[in-house]
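Right, one structure below, let's go through it.
The values are calculated or read from the model by the stated rules, or taken from the named source; none is laboratory data. In this text the structure is predicted, and so the values were computed from the model without any measurement. Neighbour counts are summed over all protein chains in view; Cβ atoms, including those assigned to glycine, are modelled from backbone coordinates with ideal geometry.
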Amino acid sequence: MTQTVAGRPESSRETEGPAARRVQEDPRWKPVAATLRRQGHRPDALIEGMHAAQQAFGWLDPAVLRALAEALDVPLAKVFGVATFYHLFTTRPLGTHGCIVCLGTACHLKGGPEILAALTRAHPVEPGQTSPGAEMTLTVARCIGACTLAPLVVLDGEIAGPVTVEEVLERVERWFGPASGETTR
């Protein structure tokens, strides 16, 4: 049996704990397992493994994080720490669509807070959350790095700016259907 860097038999990485077994039986785990194998199941492959897991599962749920910890022989606390430290990792399910409202200095001065307030009034979602029907995840950013376009939002990965409250609501309403709350200021 092949030994790992941590001294454990290679086969034990695939069978430890109920979380690892449940996740590793999921077909979405295959690209994650391939990434971990390519990296030799080394603990320093954690971030690359997390990227692969988030790509495959859509988010890093606790069972996936446990499976990564077991597969890489990394303490679970370290895995959770990395998952919550880096902004690009999410430990909550994401909505079908994403809306990021920039609240950096330029966007703040040119209407970012008004856009955010209108979104939360018009739709059942708060910053950092996903709507109950999973139509949208709403997040805020302190700076997108495109200040000349202020105020701006990122809608499904596409930077839009400068935008008005009405323009943002019109685009987002397509995701939800007609809004039930206030839509303009």
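Taking (1) surrounded by fewer than 19 Cβ atoms within 10 Å (Cβ to Cβ); (2) out of contact with any Ser or Thr (no Cβ under 7 Å at 6 or more places or on another chain); (3) modelled with pLDDT under 95 in turn, residue 78 satisfies each apart from (3). Residue 40 meets the stated requirement of being out of contact with any Pro (no Cβ under 7 Å at 6 or more places or on another chain) and not in a helix (DSSP H, G or I). Would you mention how many residues in the stretch 137-162 are in a strand (DSSP E or B) and either in contact (Cβ under 8 Å) with a residue 60 or more places away in the chain or touching a Ser or Thr at 6+ places or on another chain (Cβ under 8 Å) (or both)? Summing the residues that are in a strand (DSSP E or B) and either in contact (Cβ under 8 Å) with a residue 60 or more places away in the chain or touching a Ser or Thr at 6+ places or on another chain (Cβ under 8 Å) (or both) in the stretch 137-162 gives 2. A count restricted to the stretch 97-136 and to residues that are of a type in the set (Asp, Glu) and either at pLDDT below 95 or not in a helix (DSSP H, G or I) (or both) stands at 2. Cβ-Cβ distances below 9 Å connect the following pairs, each with a first residue in the stretch 81-93 that is on the phi < 0 side of the Ramachandran plot, a second residue that is of a type in the set (Phe, Trp, Tyr), and a separation of six or more residues or different chains: 82/89; 83/89; 89/59; 90/59; 91/59; 91/80; 92/59; 93/59. Exactly one residue among 144, 100 is crowded, with 20+ Cβ neighbours inside 10 Å, under 30 Å from residue 32 (Cβ atoms) and not small (Gly, Ala, Ser), and that residue is 144.
Out of all the residues in the stretch 114-133, is one or more out of contact with any Leu (no Cβ under 9 Å at 6 or more places or on another chain), among the hydroxyl-bearing types (Ser, Thr, Tyr), touching a residue at least 40 places away in the same chain (Cβ under 8 Å) and outside the structural domain of residue 59 (by TED's automatic domain parsing)? For the stretch 114-133, residues out of contact with any Leu (no Cβ under 9 Å at 6 or more places or on another chain), among the hydroxyl-bearing types (Ser, Thr, Tyr), touching a residue at least 40 places away in the same chain (Cβ under 8 Å) and outside the structural domain of residue 59 (by TED's automatic domain parsing): absent.
Quick one: which of 128, 133 is surrounded by fewer than 17 Cβ atoms within 10 Å (Cβ to Cβ) and at positive phi? The match here is 128.
Considering only the stretch 22-57, state which residues are touching a residue at least 24 places away in the same chain (Cβ under 8 Å), surrounded by fewer than 13 Cβ atoms within 10 Å (Cβ to Cβ) and among the small types (Gly, Ala, Ser). Of everything in the stretch 22-57, just one residue is touching a residue at least 24 places away in the same chain (Cβ under 8 Å), surrounded by fewer than 13 Cβ atoms within 10 Å (Cβ to Cβ) and among the small types (Gly, Ala, Ser), namely 40.
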